[in-house]
Amino acid sequence: MPHFTWALLVVLLATPAFAQRADRSYPPSFPDAKTAVYKTASDTELRLYVFNPEGWKDSDRRPAVVFFFGGGWQNGSPTQFAEQSRYLAKRGMVAICADYRVASRQKVSPIECVEDARSAMAYVRENAARLGIDPQRIAAAGGSAGGHLAACMGVIEQSDQASRETTSGRANALVLFNPAVQLAAFEGDDAALGAAAIARMDDRTGGRAKEISPIHHVGEQEPPTLILHGVDDTTVPFSTVQRFGEVMRKHGNRCEVVGFKGAGHGFFNARRGDETLHKATTRLMDEFFVSLGWLDGEPSLPTSIDEDRLVREGVEKESASR
């Protein structure tokens, strides 16, 4: 991987200029969602925005997904995944958009972002009974920096700080949209990453980048994972998730990587006008949950993209769950 690509990755993810691209209205307002405070930190009440299916009862044991927004750990809003949440709620899942602390609002590092994500997941599992959720079917999902947080919920064990949670924050499945899965040099990629890029991320994390770099922590029996990524993404290179997928499968884990040719960073977001890529990624997410046995039947979205535009790696056709 060229040196300039990695340098660009670290700089863009770490600066407000990039983060603004992923920002949306904040604080969010969802008339159709219930709210719950899962944690208070940095004098901030951090909330979950819960979208329930029609006919939901607190005695249900539904599968759930917790979405983490992108924004370079700098900005962003839970509104980013509102449309995906509403769709999955209509399909029968409990879908949750989580808030967490970011640098522009609470002056935190990515380390604290990971801690908040862990707290959010632990809260959902601990309160599964009143949320009408199956505590063994809770997925983590997110885009870019939010995809990084979701990946951490699958492959990184709880830190000393997060271990204060009385309930596990580990996800049972992962759906990652153009995620940052490598934050430090990995194996033979030291020269490609570059000393300057390593130093920048180490600076942001207080020398702890490797500690929260998902690819460095992959082992056996990781949650089944779907990655949706733009092949032409110049912010988080497609090759990084390809390598992550290879490492996951090498350890015997299910990890499906679907690349979209001609697509860049944030290609999956709901936007006015052409929603082809948003609908295509939402359908693939739906199909993934069907393959796990978490949803039934055909997705309500039509197939909206030519297969020739996709690069599929590690895709399983048969149902698989863990």
- Do you know which residues across the stretch 131-148 are in a helix (DSSP H, G or I) and over 20 Å from TRP294 (Cβ atoms)? ALA145, GLY146, HIS148
- Query: Looking at ALA151, is it within 13 Å of the chain's Cα centre (by Cα) and not in a strand (DSSP E or B)?
  - Reply: yes
- Quick one: what pairs do we get from the stretch 79-107, first residue over 13 Å from MET285 (Cβ atoms), second buried (at least 24 other Cβ atoms within 10 Å of the Cβ) and among the charged types (D, E, K, R), C-beta under 6 Å, 6+ apart or different chains? TYR100/ASP116; ARG101/ASP116
- If only one of ARG254, ARG208, ARG249 is crowded, with 19+ Cβ neighbours inside 10 Å and over 23 Å from PRO302 (Cα atoms), which one is it? ARG254
- Task: Return the total of residues in the stretch 293-314 being touching a Ser or Thr at 6+ places or on another chain (Cβ under 7 Å) and under 23 Å from ALA89 (Cβ atoms).
- Result: 3
- Within the stretch 272-315, the residues that are of a type in the set (A, V, I, L, M), closer than 13 Å to TYR87 by Cα and either modelled with pLDDT under 95 or surrounded by fewer than 11 Cβ atoms within 10 Å (Cβ to Cβ) (or both) are LEU301
- Task: State all residues of the stretch 232-258 that are more than 16 Å from GLN182 (Cα to Cα) and either assigned to a loop (DSSP other than H, G, I, E, B) or over 16 Å from the mean Cα position of the chain (by Cα) (or both); if no residue qualifies, say none.
- Result: ASP232, ARG249, LYS250, HIS251, GLY252, ASN253, ARG254
- Restricting attention to the stretch 38-49, does a residue exist that is of a type outside the set (A, V, I, L, M), modelled with pLDDT of 95 or more and in contact with a Cys (Cβ under 7 Å, 6 or more places away or on another chain)? yes
- Message: Anything in the stretch 55-76 that is of a type in the set (Asp, Glu) and modelled with pLDDT of 95 or more? List them, or say none.
- Response: ASP60
- Query: So which of ALA185, ALA129, ALA209 ends up being at pLDDT below 90 and more than 16 Å from the chain's Cα centre (by Cα)?
  - Reply: ALA185
- Message: Condition check: touching a Cys at 6+ places or on another chain (Cβ under 9 Å), assigned to a loop (DSSP other than H, G, I, E, B) and among the hydrophobic types (A, V, I, L, M, F, W, C). Does PHE30 satisfy that?
- Response: yes
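Could we say that PHE267 is in a loop (DSSP other than H, G, I, E, B) and in contact with a helix residue (DSSP H, G or I) (Cβ under 6 Å, 6 or more places away or on another chain) here?
yes
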- Item | Residues that are crowded, with 21+ Cβ neighbours inside 10 Å and among the β-branched types (Val, Ile, Thr), drawn from the stretch 91-138 | VAL94, ILE96, VAL102, VAL114, VAL124, ILE133, ILE138
- Task: Run LEU226 past the list (1) surrounded by fewer than 22 Cβ atoms within 10 Å (Cβ to Cβ); (2) modelled with pLDDT of 95 or more; (3) in contact with a Phe, Trp or Tyr (Cβ under 8 Å, 6 or more places away or on another chain) and report the number of the one that doesn't hold.
- Result: (1)
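The values are calculated or read from the model by the stated rules, or taken from the named source; none is laboratory data. All of these numbers come straight from a predicted model, not from anything done at the bench. All Cβ positions, glycine included, derive from the backbone under ideal geometry; neighbour counts span all protein chains shown.
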